[in-house]
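The structure under discussion appears below in the form of structure tokens.
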Amino acid sequence: MKNEKQKKRRSNQKVMKKEAQILKFMRESRNLSMRRAGALLNLSDSTITHILNGRADLHPKIILKPLANLWLQLRSIYLYAK
């Protein structure tokens with residue numbers, strides 16, 4: 001019985017999907033905090049953390065449009081700062 005309970009536990013493996021890798025790259029390339037990235041994507045900072053740590057899956061349809069909007073916003077901020 002004890003072995004059955006152990007099998008149901010969460011794995012320690014970190015599995016990062018492509019969407020999470022894109023989010024991580026964009027966040028790090030613009031020096032955004034998790035909280036700021038979450039605010040730009042209308043997601044909580046804890047959700048961003050779970051996604052980047054591989055504990056939450058991110059459906060592409062949910063995130064691709066906000067990621068595109070985030071990229072455009074960051075691009076315009078970056079170009080304006082130059």
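The values are calculated or read from the model by the stated rules, or taken from the named source; none is laboratory data. Just so it is clear, the model here is predicted, and its values are computed rather than measured. For neighbour counting, all protein chains shown are included, and Cβ atoms are generated from backbone atoms with ideal geometry for every residue, glycine included.
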Item checked: Where a residue in region 16-45 is buried (at least 16 other Cβ atoms within 10 Å of the Cβ) and its partner, wherever it lies, is of a type in the set (D, E, K, R), with Cβ under 8 Å and at least six apart -> Lys17/Asp57; Met34/Arg27; Met34/Asp45; Ala37/Arg27; Ala37/Asp45; Gly38/Asp45
Next item on the list: Considering every residue within region 44-65, establish whether at least one is among the β-branched types (Val, Ile, Thr), at pLDDT below 75 and within 12 Å of the chain's Cα centre (by Cα).
Entry: yes
Next item on the list: Could you please give the count of residues in region 43-65 that are in a helix (DSSP H, G or I) and under 19 Å from Lys14 (Cβ atoms)?
Entry: 9
Checklist line | Test: residue in region 35-42 that is modelled with pLDDT of 70 or more, assigned to a helix (DSSP H, G or I) and among the polar types (S, T, N, Q) | finding: no
